[in-house]
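Okay, so here's the structure we're looking at.
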Amino acid sequence: MSRFFKALGRGLHQIGFDFVDSFRARPWKICTILFMIPAIFIGLFLGTHYDAIIGLTEEYGQSGFILFLIIMLGCINIFNALGFNSKRNLFMAIFSTVITIIAILCAAWYTLLLIQAKAEINYAFTSSTYLSLIIVWVSEICALAGSILSYFFIDKDREKE
């Protein structure tokens with residue numbers, strides 16, 4: 001049994017070493033991961049967002065639509081991340097930055113809608129509301145960090161498109 005755990009430990013150590021070594025060889029992969037976080041992270045906690053919206057507004061109206069836009073913009077950034085991973089050109093960096101800025105504006109709008117709904121119906125924020133806001137803002141900050149880092153990893157040797 002101890003040989004099994006030693007082999008498992010060596011395998012996990014090698015996976016971690018390969019993961020870190022791949023970032024040393026290709027540092028732009030960090031950008032691609034940061035671009036992918038918003039759609040994946042917000043989508044994983046969709047039940048929390050649903051509870052927050054239903055608890056405050058009792059309908060899945062404008063705030064639900066804004067959350068849908070954030071997820072769709074995050075999905076566009078996933079495709080940008082895949083394109084940046086292969087091309088690493090200025091167009092991909094600018095396009096992903098524009099999409100990220102629009103997603104950040106939508107996150108601010110989502111926050112404002114939840115705060116306005118709280119003020120209108122005099123309802124206390126629940127833990128799901130706070131968690132929803134934290135998830136949205138952390139994911140958008142990761143996307144912003146990815147778009148800033150993408151300018152450092154532009155391949156300057158490629159021809160302009």
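The values are calculated or read from the model by the stated rules, or taken from the named source; none is laboratory data. All values reported here derive from a predicted model rather than from experimental measurement. When we count neighbours, we look across all protein chains shown, and the Cβ atoms used for this are built from the backbone with ideal geometry, even at glycine.
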I'd like to check something: does the range 107-126 contain any residue that is hydrophobic (A, V, I, L, M, F, W, C) and within 13 Å of the chain's Cα centre (by Cα)?
yes
Of the residues ILE102, ILE70, only one is modelled with pLDDT of 80 or more, closer than 22 Å to LEU34 by Cβ and surrounded by fewer than 17 Cβ atoms within 10 Å (Cβ to Cβ); which?
ILE102
Here is a list: ILE121, ILE115, ILE134. Which entry is surrounded by fewer than 15 Cβ atoms within 10 Å (Cβ to Cβ), out of contact with any Cys (no Cβ under 6 Å at 6 or more places or on another chain), modelled with pLDDT under 85 and under 23 Å from LEU69 (Cα atoms)?
ILE115
Looking at (1) within 17 Å of the chain's Cα centre (by Cα); (2) modelled with pLDDT of 85 or more; (3) of a type outside the set (Val, Ile, Thr), can you tell me which one LEU46 breaks?
(2)
